[in-house]
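Working notes, structure below.
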Amino acid sequence: MFIKVNATLDVLTVMAKFDSQDHQHLRYNPLRDDWVLVCPHRMKRPWAGHVEKPEEETIPRHDRKNPLCPGNTRPNGMVNPDYDSTFLFTNDFPALLEEGPAPDESDDPLFRCAEAKGTCKVMCFHPWSDITLPIMSLTEIRVVIDKWAEINSDIGKQFSWVQIFENRGAIMGCSNPHPHCQVWASSFLPNEPTVKHRTQREYMEKHQSNMLLDYVHRELERKERVVLENADWVWLVPYWAVWPYETLLIPKTHVLRIEDLTDIQRQSLAEITKQLLTKYDNLFEVSFPYSMGWAGAPTGKYLSEDCSFWQLHAVYYPPLLRSASVKKFMVGYEMMATVQRDLTAEQAAQKLKDLPDVHYKQRAHSTDSCHPD
Ligand code: H2U
């Protein structure tokens, strides 16, 4: 009897019409030129896996011992200014240095080596440690955006790639609760931008059109994965998303680099950033961890090349899956074979869309920010 029921189910499964929200399939990522395996039927399985207890930490607004706070002395003896806005400094423990001996060149295809130079910066978003971007005012977020643009323009004169990124939350390797991001600039084009450079160029050669702009316009027509939009920006879960709530933030018009954003685009970026981060925090009512970063046309020697096939965009890669304590593990099959997801991009977009626009910490009382807008 049991065998018969299973056999009937198998026949039904095989006979069913394909539904992307129910049936396994592969999706192509044209930006990374790779595939993601989507298995929505697995959402129905029981879960008895690892549960990390979320810690609701109380962060002091100013901690005498925190090396990122205004006025404090860092372990290397440098004293931070008494900053009241953003604060940019050269990382005291940089992965990339501007100078250093170069390796010998080698013809051996199995032991290739190349010179790497660069610089690393840290940018504090705010003088307070107990504040995050979604709680900050639009004016304060706008200052951060202007600073990102300034950094990309300044450091980009010297280096081919300026990676601005924020690791938020200890689960994402963030070492300090003070709101901050990092900037790693390099003499070489790192792996991710190298692939994006090639795929966007090849798309332009083949279609005489900009890949990501085409993509945004198609997404705006379909509306299945768009979570938020304003006059200048779209926030969506990409068709090819890997992380459960991975998103893409992208301008509606052609923009090469962050410093090319107009005053109006920067203001609307501040608005959509506050909205999207509020939604993220509201998803599991926790300060939502993620790794985010900007990608635009490369800089340095590329400034004099035609990079019109590039489109500026930001990516958010959050690890959480089912709750504030259950994250997606990129292990096993993902490491050995192909990245895989259960929740579809459309389901994730709908969940984000349905969330309230007011931050869960601010629902009961007024804003905490320095200069509320
Ligand atoms: P993360 O939280 O993403 O780890 O970034 C903090 C960075 O701040 C980290 O790269 C730097 C660390 O090297 N840092 C300093 O440069 N000086 C310090 O005194 C503390 C931390």
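What follows draws every value from the coordinates through simple rules; no lab data is involved. Here the structure is a predicted model, which means the values were calculated and not measured. Virtual Cβ from ideal backbone geometry, glycine too; neighbours counted across all protein chains shown.
Observations on the structure shown:
- Helix 2-15 axis, angle to the chain major axis (alpha carbon atoms, nearest 10°): 70 degrees
- Charged-residue dipole, Cβ positions (Lys, Arg, Asp, Glu), the chain about Cα centre, Debye nearest 20: 1160 debye
- Taking the number of Cβ atoms within 10 Å of each Cβ as an exposure proxy, the fewest-first ranking of LYS117, LYS65 is LYS65, LYS117.
- All lysines inside 16 Å of LYS301 as judged from Cα atoms, apart from same-chain residues fewer than 8 positions distant: LYS117, LYS157
- Amide H contacts of ASN29 (H built 1.01 Å from N, under 5 Å, at least 5 apart or other chain): ASP34, TRP35, VAL36
- Cross-link reach is defined here as a Cα-Cα straight distance under 14 Å, omitting same-chain residues fewer than 8 places apart; for LYS65 none of the aspartates and glutamates meet it.
- Annotation: for a label point projected 7 angstrom from Cα along Cα→Cβ of SER20, residues of the stretch 239-261 with backbone N closer than 13 Å are 239-241.
- The stretch 309-329-the stretch 128-170 distance, computed between alpha-carbon centres (Å): 18 Å
- Long-range Cα-Cα pairs in the chain (distance over 32 Å), rounded percent: 38 percent
- Backbone phi angles across the stretch 220-235, fed through the Karplus curve with coefficients 6.51, -1.76 and 1.60 (θ = phi - 60°), yield HN-Hα couplings of 5, 6, 6, 6, 6, 10, 7, 9, 9, 8, 9, 4, 10, 10, 10, 10 Hz in residue order; Gly and Pro are listed as x.
- Close amide H pairs (under 5 Å, H built 1.01 Å from N) link CYS174 with GLY169, residues at least 5 positions away or on another chain.
- Using alpha-carbon coordinates, inclination of helix 191-207 to the longest axis of the chain, degrees: 60 degrees
- Chain lengthening between HIS41 and ASN176 when straightened (0.36 nm per residue, less Cα-Cα): 44.7 nm
- Taking ARG142, ARG341 and counting other C-beta atoms within 10 Å, the order from fewest to most: ARG142, ARG341
- Three-way shape call for the stretch 91-224 based on the alpha-carbon gyration tensor, with the a/c threshold at 1.5: oblate
- Take 314-320, 326-332 and order them by the average number of nearby Cβ atoms within 10 Å per residue, most first; the result is 314-320, 326-332.
- In this structure, the amide hydrogen of VAL227, modeled 1.01 Å from its nitrogen in the peptide plane, lies closer than 5 angstrom to those of TRP235, LEU236, VAL237, counting only residues at least 5 positions away or on a different chain.
- Per-pair calculated FRET efficiency, R0 = 45 Å: ALA231 and ARG74 via Cβ, rounded to 0.05: 0.60
- Listed by chain and number, the lysines whose alpha-carbon sits under 26 Å from that of LYS279, ignoring those within fewer than 8 places in the same chain, are LYS44, LYS53, LYS147, LYS223, LYS252, LYS327, LYS328, LYS351, LYS353, LYS361.
- Residue exposure sequence - ARG363, ARG27 - by fewest surrounding Cβ within 10 Å: ARG363, ARG27
- Restricting the stretch 121-191 to chymotrypsin sites (Phe, Trp or Tyr not before Pro) that sit in a DSSP loop and have at most 12 other Cβ atoms within 10 Å of their own Cβ leaves nothing.
- Karplus-derived 3J(HN,Hα) values for the stretch 308-316, using 6.51 cos²θ - 1.76 cosθ + 1.60 with θ = phi - 60°, are 5, 6, 7, 9, 4, 7, 10, 10, 10 Hz; glycine and proline are entered as x.
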